[in-house]
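The values are calculated or read from the model by the stated rules, or taken from the named source; none is laboratory data. As the structure is a computational prediction, the values presented were derived from the model and not from experiment. All Cβ positions, glycine included, derive from the backbone under ideal geometry; neighbour counts span all protein chains shown.
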Amino acid sequence: MPTIDEVIGRRLRARREDMGRSAEEFANDLGITIGELYRIEAGLRRLGADLMGEACSVLDVLPTYFFDNADFDAGDGNDSGEREDDDDTGSRH
């Protein structure tokens, strides 16, 4: 199963290509190098919130475009929703 970074990267590339934008044009619009764009599109570099906002503006999509109906590996984190460092006494484990 792909990671969230891979899913976002694939959707970013697909939307860019659907709009007929070259990687060079899009990288320039975002203020990053073409190498950085390729790493983002490959899921090797995380698309931060500020850059995602700029990408959404250029691609004319909402941020939800990257996440809606996405099937991705959430990793091995704590999925319970509880903080691991607190207990009822307020002390750290």
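How do the helices (runs of 4 or more DSSP H) wholly within the stretch 1-67 filter down when requiring 2 or more residues that are of a type in the set (Asp, Glu) and without any contact (Cβ under 8 Å) to a residue 24 or more places away in the chain: which remain?
Numbers: elements: 4-18, 23-30, 34-41, 49-59.
Filter on the stretch 1-67 gives 4-18, 23-30.
With (1) out of contact with any helix residue (DSSP H, G or I) (no Cβ under 9 Å at 6 or more places or on another chain); (2) modelled with pLDDT of 90 or more as the list, and ASN28 as the residue in question, which single condition is left unmet?
All conditions pass for ASN28, except number (1).
Here is a yes/no grid of residues against (1) crowded, with 17+ Cβ neighbours inside 10 Å; (2) at pLDDT below 95:
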site	(1), (2)
GLU24	no, no
THR33	no, no
LEU37	yes, no
GLY53	no, no
ASP60	no, no
PHE66	yes, yes
ASP71	no, yes
